[in-house]
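Input: a single structure, listed below in structure tokens.
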Amino acid sequence: MNFAVNIGGIRMKNPVTTASGTFGYGREYAGFVDLNRLGAVVIKGVTLLPRPGNPTPRIAETPAGMLNSIGLENPGVEAVIEKHLPYLARFDVPVIVNIAGDTVDDYVKLASRLDKAPGVAGLEVNISCPNVKKGGLAFGSDPDTAAGVIREVRAATRLPLIAKLSPNVTDISAVAESVAGAGADAVSLINTLLGMVIDVNTGRPALASVMGGLSGPAVRPVAVRMVWQVYRAVNIPIIGMGGITCAEDALQFIMAGASAVAVGMASFVNPRATMEVLEGIEAYMRDNNVGDIKELIGIAHERS
């Protein structure tokens with residue numbers, strides 16, 4: 001059986017990767033997961049300078065999910081290059097770096113710096129970040145703004161670019177089309193849905209930042225729907241994510257049009273979730289005489 005996929009120039013031995021922000025820098029899970037078995041490792045989002053993140057509390061459990069407002073806590077790009085990339089270089093797995101910024105110039109500087117760093121297979125551009133020059137609206141909330149970020153980043157690097165799309169938009173297909181036209185080699189979706197929890201015992205929001213991002217099985221139907229729509233709108237590969245806990249979940253995304261899938265919150269509950277998803281996909285293909293994973297990509301469109 002052939003499990004290999006090509007995500008915008010990133011050659012993956014299988015379609016299972018990790019969702020940024022849920023797998024640390026790989027080292028944290030190496031005792032539970034054979035990193036060499038993954039299709040790729042997407043590391044925690046990085047910014048130009050170190051960030052302490054948002055004040056606590058910044059995580060709240062919800063039915064079938066989790067609300068988080070970590071605030072992109074990270075040690076900054078130089079520390080990632082010096083400390084984390086050399087560790088990951090020991091493994092036979094593509095490393096994708098998620099980048100985030102407050103301005104377009106931040107993204108450009110990050111892309112230019114990582115373009116010269118060894119061991120980077122591609123960049124995932126987090127356009128769900130707030131654009132401080134536009135009053136805090138997310139870069140990905142508007143097709144033109146999203147395209148503007150990708151266009152500038154494209155000019156700053158030769159690395160494959162994956163635009164990570166926000167679900168907090170009216171028309172996800174329009175945003176996907178705009179970033180594809182601006183030079184994105186692939187898209188990943190969805191990022192978290194904006195949500196809020198109130199502690200009824202105190203009458204206060206459960207998160208110090210009031211609102212946060214909802215992830216987990218509760219968002220999966222929304223994510224599968226958006227992958228379905230984007231598959232019909234663009235001709236670049238899709239990495240699907242949002243509430244994947246098992247192989248059946250992952251196969252829904254693949255059949256909706258995703259060429260690869262990312263396991264996120266499930267790794268918090270089960271550190272071996274990525275391996276179980278991969279092994280489950282392999283078992284499904286054996287049981288159904290599927291010789292190539294590509295035979296499954298988008299088949300739901302043919303049967304609808």
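Data for the structure
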quantity	calculated
Residue identified as touching a Leu at 6+ places or on another chain (Cβ under 9 Å) and either surrounded by 20 or more Cβ atoms within 10 Å (Cβ to Cβ) or hydrophobic (A, V, I, L, M, F, W, C) (or both) among 215, 267	215
Complete set of residues in segment 191-213 that are part of a strand (DSSP E or B) and either closer than 19 Å to residue 144 by Cβ or within 19 Å of the chain's Cα centre (by Cα) (or both)	193, 194, 195, 212, 213
Which listed residue is out of contact with any strand residue (DSSP E or B) (no Cβ under 8 Å at 6 or more places or on another chain), closer than 22 Å to residue 126 by Cβ and of a type outside the set (Gly, Ala, Ser), from 261, 175	175
Count of residues meeting criterion [touching a helix residue (DSSP H, G or I) at 6+ places or on another chain (Cβ under 8 Å) and of a type in the set (Lys, Arg)] in segment 14-51	2
Test: residue in segment 63-77 that is out of contact with any Phe, Trp or Tyr (no Cβ under 9 Å at 6 or more places or on another chain), closer than 29 Å to residue 205 by Cα and acidic (Asp, Glu)	yes
Residue in segment 39-46 that is under 19 Å from the mean Cα position of the chain (by Cα), over 14 Å from residue 264 (Cα atoms) and either touching a residue at least 12 places away in the same chain (Cβ under 8 Å) or surrounded by fewer than 20 Cβ atoms within 10 Å (Cβ to Cβ) (or both) present	yes
Among the candidates 8, 26, residue that is at positive phi, among the small types (Gly, Ala, Ser), buried (at least 22 other Cβ atoms within 10 Å of the Cβ) and in contact with a strand residue (DSSP E or B) (Cβ under 8 Å, 6 or more places away or on another chain)	26
Residue list for segment 170-190, restricted to those being at pLDDT 95 or above and outside any helix (DSSP H, G or I)	171, 182, 183, 184, 185, 186, 187, 188, 189, 190
Scan of segment 14-37 for residues that are within 19 Å of the chain's Cα centre (by Cα), free of Cβ contacts under 8 Å to residues at least 40 places away in the same chain and outside any helix (DSSP H, G or I), ordered by number	24
Condition check for residue 287: under 21 Å from residue 2 (Cβ atoms), of a type in the set (D, E, K, R) and either in contact (Cβ under 8 Å) with a residue 40 or more places away in the chain or surrounded by fewer than 24 Cβ atoms within 10 Å (Cβ to Cβ) (or both)	yes
Residue that is modelled with the highest pLDDT, among those in segment 151-166 that are touching a Phe, Trp or Tyr at 6+ places or on another chain (Cβ under 9 Å) and buried (at least 23 other Cβ atoms within 10 Å of the Cβ)	153
Residues located in segment 118-138, provided they are outside any strand (DSSP E or B) and at pLDDT below 90	128, 129, 131, 132, 133, 134, 135, 136, 137
Residue within segment 110-117 that is at negative phi, modelled with pLDDT under 95 and either surrounded by fewer than 22 Cβ atoms within 10 Å (Cβ to Cβ) or touching a strand residue (DSSP E or B) at 6+ places or on another chain (Cβ under 8 Å) (or both) present	yes
Residue in segment 247-284 that is farthest from the chain's Cα centre (by Cα), counting only those that are in contact (Cβ under 8 Å) with a residue 60 or more places away in the chain and over 19 Å from residue 189 (Cβ atoms)	282
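The values are calculated or read from the model by the stated rules, or taken from the named source; none is laboratory data. From a predicted model like this one, the values you see are computed outputs, not experimental measurements. Note that we place each Cβ from the backbone using ideal geometry, even for glycine, and neighbour counts take in every protein chain shown.
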